[in-house]
Amino acid sequence: MAPSVPSGALGLGSSVDSVFVKICGITCAEDALLATAMGADALGFIFATSRRQVAESVVRDIVGQLPPDVLTVGVFRDRGKARVVETVNTIGLKAAQLHGRESPATCQWVAERVPMTIRALPAGSPDLQRFDEYGADLLLLDSPAPGSGEVFDWSLAEGAPSNRPMLLAGGLTPDNVASAIEEVDPYGVDVSTGVEAEPGRKDPRLLRAFMANARAAQPVRYEGDAERRPFDWQEEG
């Protein structure tokens, strides 16, 4: 299902032989540094109302401690578009993830003003059929109850557009991530709850197991359109 994305297309040195991994719901420098040390490609910081919501000042401090090749993502839900852009660019984040009811026009406006944009949509959503209208670089496919940490029927991923790299989310854990990758063949996976000791704090053992199982999974990829690869923030920046 996932289009082939050339190595380094995200500017992160990730290989087409292993899945891209985003660890979301980071709230402290300790967890951020742990995740990157274990090989995470991207970290997500939630600015929407949530038990994992984190202050901008905290994120700015964390980002300043991270290796430059880590994709740092601000997660927003129905926040004013100008505020999203200001937050991303002021902190120095590399991507905005829109996880609410943002319209295609809003998403496009943000995408024109930040290095990279991820649009989250629930599996089965009719909006998947018009994903190109959002102007986003990546699709994050979540459960029909986004952010719930619930696993959805992975066969619903067949409704996702095949011409855009997709991150699979929704109830992933160390125990099911390999099966998810083998069945869905996403460009990457996104996890938060499944590697937590408690809301907002990661469990080192779960995180290590998740990374190992995700990296070991070997879905069969096919050659896609190289022109549709994600925005390379390192080259364009």
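Modelled label positions at A197 and R60, each set 7 Å beyond Cα in the direction of Cβ, lie 2.9 nm from each other.
Give me the percent relative contact order of segment 20-221, please, defined on Cα pairs under 8 angstrom at least 6 residues apart. Value for segment 20-221: 18 percent.
Our coupling estimate for segment 165-172, obtained by passing each phi through the Karplus curve with A = 6.51, B = -1.76, C = 1.60 and θ = phi - 60°, is x, 10, 9, 9, 10, x, x, 6 Hz, Gly and Pro reported as x.
The reciprocal of the average 1/r between distinct C-alpha atoms defines the Kirkwood hydrodynamic radius, which for segment 38-78 equals 10.9 Å. For segment 72-140, taking the reciprocal of the average inverse distance between every pair of different Cα atoms yields a Kirkwood hydrodynamic radius of 11.7 Å.
Neighbour counts of C-beta atoms inside 10 Å place S143, S103 in the sequence S103, S143, starting with the fewest. Spin-label model, A37/E112: points 7 Å from Cα along the beta carbon direction are separated by 4.4 nm.
Spatially, segment 14-75 and segment 166-220 are offset by 15 Å when compared through their Cα centroids. In sequence order, segment 119-124 has phi-based couplings of 9, 8, 9, x, 4, x Hz under the Karplus curve 6.51 cos²θ - 1.76 cosθ + 1.60, θ = phi - 60°, and Gly or Pro positions carry x. Across segment 20-221, the fraction of Cα-Cα pairs farther apart than 22 Å, rounded to a whole number, is 43%. On a per residue basis, the convex hull of the C-alpha atoms belonging to segment 9-108 measures out at 108 Å³. Dipole of segment 20-221 computed with +1 at Lys/Arg Cβ and -1 at Asp/Glu Cβ about the Cα centre; of A55, C107, I181, farthest Cα towards the positive end is A55.
Coupling constants for segment 47-62 follow from the phi torsions by the Karplus curve (6.51 cos²θ - 1.76 cosθ + 1.60, θ = phi - 60°), and in residue order they are 9, 7, 4, 5, 5, 10, 5, 9, 6, 4, 5, 5, 5, 4, 5, 5 Hz; glycine and proline get x.
Read-outs throughout are calculated quantities, based only on the coordinates presented, and are distinct from any laboratory measurement. All figures in this text were calculated on a predicted structure; none of them were measured in a lab. Using ideal geometry, Cβ is built from the backbone for each residue, glycine included, and neighbour counts are taken over all protein chains shown.
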